[in-house]
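Just below is one structure, and these are the notes that go with it.
The values are calculated or read from the model by the stated rules, or taken from the named source; none is laboratory data. Note that this is a predicted model, so its numbers are computed, not measured. Ideal geometry is used to build each Cβ from the backbone, glycine not excepted, and the neighbour counts take in all protein chains shown.
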Amino acid sequence: MSDATGIPSSTLGNYEKDENVDMSLGNLLTLADFYQVSTDYLLCRTELREHTNKSVSDLHLNDDAVQILTDEKYNPRLLSELLSHENFHKFMTDMEIYIDGFNDKGIQIANAFLDVMRYKLNELGADSTDAFAKIFDTSHIETEQYYLNILLEDLKPIVSDLRNTHMKDSNTASDIDYQSMVKNIIDDFTSPTQIATEDTPEASNDAYINGLLLLFCKNLEMKITQLSVEEKQTLKEIFSRSKPAKEHRKLRRRNPKL
C-alpha cells in the first residue's frame, strides 16, 4: 500500500493506530482516491461509501420521513443496519402483501372451502363432536393474525442478528449478575450492624437512612467501609433531607408499627 500511495509505511501505521493523528490534506486526498471513497467517509463524517451524489429526492420519501431522518430521533446506524439486513426485503414484501390485500382472496377461498366441507358433513349427520367437523371449525384462517405471525417471524432473525452484533458495544447494557447484586444488598440490609435495636421512630429513621447510604454505595460500586465516619455522617445528613426520607418519617408518624 505504501508503494501504491507513496505514503511511508510508518505514516500509514500511525493512521491505523491513532484516530486523532494529524493527516495532511495531500495524504487524505491520496487515500480517498486509493480507496475510491470521499474524504468525508475517511474522516467518519458520513456513512456513505458509494452513494455520495444521491439527493433526497432520489430516495422517494415523503416530507415526514425526511424530517424524521434529519432530526435523528432514531439511531441512524441501527436504522441503516435494519434496512440492509438480508431478511428486511422479505419483511417488506410480506407487509406489502398484507397491507395491499394481495392474498386476501386466496384466504377467503380457503375459508370458503372449509365452510363447504363443514356443510357437507352436516348433511351427512355429523355433529359438533365429530373429529372432522372440529378440524374444519378450527382451521379457519384469520387474515390479520395470519400475517402478524408471518411478519413476526420475518422480524425475529433481524432483531436477533442486530442484538448479537451490538452485544459488545460500549453503549450496550453490560452483562451484570443482578441476582448476586440484589443478594448483596439484602445481606447488607439484614446484617446485624444495620438492624435497629430499638423500635422507635428515631431508630426506624436511622435504619432507613442507613439503607439509602447502602444503596448509594451499591450504585457507585463501592463498599461502605471505604467511607470515613465523617463522610458517612455528611451523606446521612444529606439523605435525611431527601424526599424519600421525609416521606418515610411521615409514614412512620401515621403508623408507628411500620
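All of (1) modelled with pLDDT of 65 or more; (2) in a loop (DSSP other than H, G, I, E, B); (3) aliphatic (A, V, I, L, M) hold for residue 196 with one exception: (1).
Tell me whether the stretch 162-171 contains one or more residues that are over 26 Å from the mean Cα position of the chain (by Cα) and modelled with pLDDT of 80 or more.
Scanning the stretch 162-171 turns up no residue that is over 26 Å from the mean Cα position of the chain (by Cα) and modelled with pLDDT of 80 or more.
Checking 74, 146 one by one, the residue that is surrounded by 11 or more Cβ atoms within 10 Å (Cβ to Cβ), under 30 Å from residue 164 (Cα atoms), modelled with pLDDT under 85 and under 33 Å from the mean Cα position of the chain (by Cα) is 74 and no other. Determine, yes or no, whether residue 220 is within 36 Å of the chain's Cα centre (by Cα), surrounded by 15 or more Cβ atoms within 10 Å (Cβ to Cβ) and of a type outside the set (Gly, Ala, Ser). Considered against the rule, which asks whether it is within 36 Å of the chain's Cα centre (by Cα), surrounded by 15 or more Cβ atoms within 10 Å (Cβ to Cβ) and of a type outside the set (Gly, Ala, Ser), residue 220 comes out as no.
Restrict the check to the stretch 20-27 and report whether at least one residue is aliphatic (A, V, I, L, M), touching a Ser or Thr at 6+ places or on another chain (Cβ under 6 Å) and modelled with pLDDT of 75 or more. Give the derivation first.
Quick first cut of the stretch 20-27, residues aliphatic (A, V, I, L, M) only: 21, 23, 25.
Now narrow it down to the ones that are touching a Ser or Thr at 6+ places or on another chain (Cβ under 6 Å): none.
Looking for residues that are aliphatic (A, V, I, L, M), touching a Ser or Thr at 6+ places or on another chain (Cβ under 6 Å) and modelled with pLDDT of 75 or more, one finds none in the stretch 20-27, hence no.
Report, by residue number, each residue of the stretch 88-124 that is on the phi > 0 side of the Ramachandran plot and in a helix (DSSP H, G or I). None; the set is empty. The residue that is modelled with the highest pLDDT, counting only those in the stretch 28-44 that are closer than 23 Å to residue 10 by Cβ and among the hydroxyl-bearing types (Ser, Thr, Tyr), is 30. Applying the criterion of being farther than 26 Å from residue 135 by Cα, touching a Leu at 6+ places or on another chain (Cβ under 8 Å) and among the aromatic types (Phe, Trp, Tyr) to the residues of the stretch 87-115, the residue that is surrounded by the fewest Cβ atoms within 10 Å (Cβ to Cβ) is 88. The number of residues in the stretch 116-133 being charged (D, E, K, R) and surrounded by 13 or more Cβ atoms within 10 Å (Cβ to Cβ) comes to 2.
Scanning the stretch 45-69 for residues that are at pLDDT 70 or above, under 25 Å from the mean Cα position of the chain (by Cα) and exposed (fewer than 13 other Cβ atoms within 10 Å of the Cβ) yields 64, 65, 67. Restricting the stretch 125-169 to residues that are assigned to a helix (DSSP H, G or I) and hydroxyl-bearing (Ser, Thr, Tyr), the residue that is nearest to residue 95 (Cα to Cα) is 147.
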